[in-house]
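Laboratory data are not the source of any read-out in this text; all were calculated from the coordinates shown. Everything quoted here is computed from the prediction, not taken from an experiment. Cβ placement follows ideal geometry from the backbone for every residue including glycine, while neighbour counts extend to all protein chains displayed.
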Amino acid sequence: MAESSKETKTTIELATFYVGHALCGMDILKIQEINKLMEMTKVPQAPDYMVGILNLRGQIVTIIDLGQKLGLGRVEISSDSRNIIINAPGEHVGLLVSKISDVIMADPDRIEPAPANMSGVQGSFFTGVYKTENKLIGILDVKEVLRLESDNLGRGLER
């Protein structure tokens, strides 16, 4: 029985992306879509990491500067910048990242616990670290990023 469970063990697909020079990743199943920057509307009195909101096919999406949120400084907007749109409970949230990288097939057993401080980022924003032959990928804890966001989001959008 133990042998068959090993055979059915699955890998997870990590969508990887850069926030400044930090390589991060998340389970691709958490991503609704990835798109280029669009016209965003600033939200008065919003937290400094909230870039603004945009209308994506009739859905209002809150865009968060992931670099600012993680304490790495603002994401430099360039032709490589993208919004990673995530289905958060009750809302759509976009994470502004520097550029998209590869999709990596990861063995969940090889994901190591995140150190307390990873590349100057609080370890609480990461569920773990995945090592490839030449890269170290911080696995983003999307729930943690969005949990803190939903606490502040309502205050910035109050009328």
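Listed values, structure above:
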| read-out | value |
| --- | --- |
| Cα-based equivalent ellipsoid of region 39-112: semi-axis lengths in Å, sorted from largest, via gyration tensor | 24, 16, 13 |
| Inter-label distance for Arg110 and Ile28, nm, one decimal - labels placed 7 Å from Cα along Cα-to-Cβ | 1.6 |
| Theoretical gain in end-to-end length, Gln45 to Asn134 [0.36 nm per residue, Cα-Cα removed] | 27.9 nm |
| Listed pairs Lys99/Lys135; Lys30/Lys143; Lys30/Lys131 exceeding 19 Å between Cα atoms | Lys30/Lys131 |
